[in-house]
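Notes follow the structure.
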Amino acid sequence: MIQLKNSAQIAAMKEAGRITGEALLVAREHVREGVSTYELDALIRAHIERAGAKPSFLGYGGFPASACISINDEVIHGIPSRKRILQEGDVVKIDVGAFYRGFHGDSARTIAVGRVSDEAEKLIRVTRQSFFAGVEQFRAGNRMGDIGSAVQACVEREGFSVVRRYIGHGIGRELHEQPDVPNFGTAGRGTRLCAGMVLAIEPMVNVGGEEVKELSDGWTVKTVDHSLSAHYENTVALTSEGIIITTLLDADW
Ligand code: MG
Ligand code: MG
C-alpha cells in the first residue's frame, strides 16, 4: 500500500532530507586521493548523529556502516573499509540515509576523484540529468511509467544503459515503501501519481551493459562487464503546490 503523507509529515521529511543532504555535502568536502571510504563513512555518521538523527542504513538488513560507498564498476551497496583508499581518477558513489523524528531521507551522489576520463565525466553528468528528466514527470495525474521512460530515454540517448535489477522506491516512516520507482518503463503506464507521494528517485547508469551482480560479501553490486557506473538519488515529495526535493541543498549538485 502507498502511504501518502500530509503536509505535517512532509515538513518532517524535509528535516530528514536536509540532514541527509548535509551529510553528503560533508562527504564531498573530504573526497580526495588518499582518503579511505571508512573515513568518509565516519564523517557521515558523525554529522547525522550530531544533528540528532540516526543513520538509516546502519544495521539495515545487517549493513555494517552508515553510508554505501561504491567505486568505479561497483554500482551500489559498497561497504566502507579502511582498505579502500580513493585514487585519482576514481568515480565514487556515496549513498546516505538519515532517520529523524520518525521519517527517512535517502540520497546519493557520484563524485570524481581529481581528474577523471571524459567518459566518466559524461556518465556523471548524464546520470544527474536523467534524475531531473524523471523528476520533471513527477506530477499529479501522470503515471510511474512517465518517470521511468523519461529517465531511460535520457540515458539511452547518450549511449549508456539503465540498471534494471535495482530501482527507486517510496519512502517515509520506512526506508523502502511502495510504490516501486523503476528507471525504465512506458509512458502512460503504471501507478498514477498524486500529491502526498514521497519517492526516492535514483537512476543507476552504466557505461556498458545493464547487467549487474552481487559480490560474495553479500552487499556490493558491480557491473558484470566491469564498466563504470554512476548513481544519483534524491528524496522528492509531491505536494499540491508541486515538488519538494528534500535532499537537494546545492542546486548545482
Ligand atoms: Mg539511497
Ligand atoms: Mg534509495
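Remarks
- Among the residues of region 103-156, the ones that are closer than 26 Å to ALA195 by Cβ and of a type in the set (Ser, Thr, Tyr) come to 3 in all.
- Looking at region 142-220, the strands (runs of 3 or more DSSP E) lying wholly inside it that each contain 1 or more residues that are in contact with a helix residue (DSSP H, G or I) (Cβ under 6 Å, 6 or more places away or on another chain) and within 16 Å of ligand 2 (Cβ to nearest atom) sit at 198-201, 204-206.
- Of the strands (runs of 3 or more DSSP E) that lie entirely inside region 22-136, those containing 1 or more residues that are under 15 Å from the mean Cα position of the chain (by Cα) and among the acidic types (Asp, Glu) span 74-76, 91-100, 103-112.
- Among residues of region 63-91 that are farther than 26 Å from ARG164 by Cα, those with a beta-carbon under 8 Å from a residue that is polar (S, T, N, Q) and open to solvent by 20 Å² or more (accessible area, probe 1.4 Å) at least six positions away or on a different chain give the pairs GLY89/SER117.
- Residue count, region 98-129 (criterion: open to solvent by less than 50 Å² (accessible area, probe 1.4 Å), more than 19 Å from ASP73 (Cα to Cα) and not aromatic (Phe, Trp, Tyr)): 6
- Pairing residues of region 183-195 that are of a type in the set (Ser, Thr, Tyr) with residues that are at pLDDT below 95 and open to solvent by less than 50 Å² (accessible area, probe 1.4 Å), at Cβ distances under 6 Å and at least 6 apart in sequence or on separate chains, gives no pairs at all.
- Flag for VAL224 being at pLDDT 95 or above and open to solvent by 40 Å² or more (accessible area, probe 1.4 Å): yes
- Just so you know, in region 201-221 the residues that are of a type in the set (Asp, Glu) and under 21 Å from TYR60 (Cα atoms) include one that is least open to solvent (accessible area, probe 1.4 Å), and it is GLU202.
The values are calculated or read from the model by the stated rules, or taken from the named source; none is laboratory data. All values derive from a computational prediction rather than experimental measurement. Reconstructed Cβ throughout: ideal geometry from the backbone, glycine too, with neighbour counts over all protein chains shown. Remember, those area values only see protein heavy atoms, side chains included, never the ligands or the DNA or RNA. Shrake-Rupley method; radii C 1.70, N 1.55, O 1.52, S 1.80 Å.
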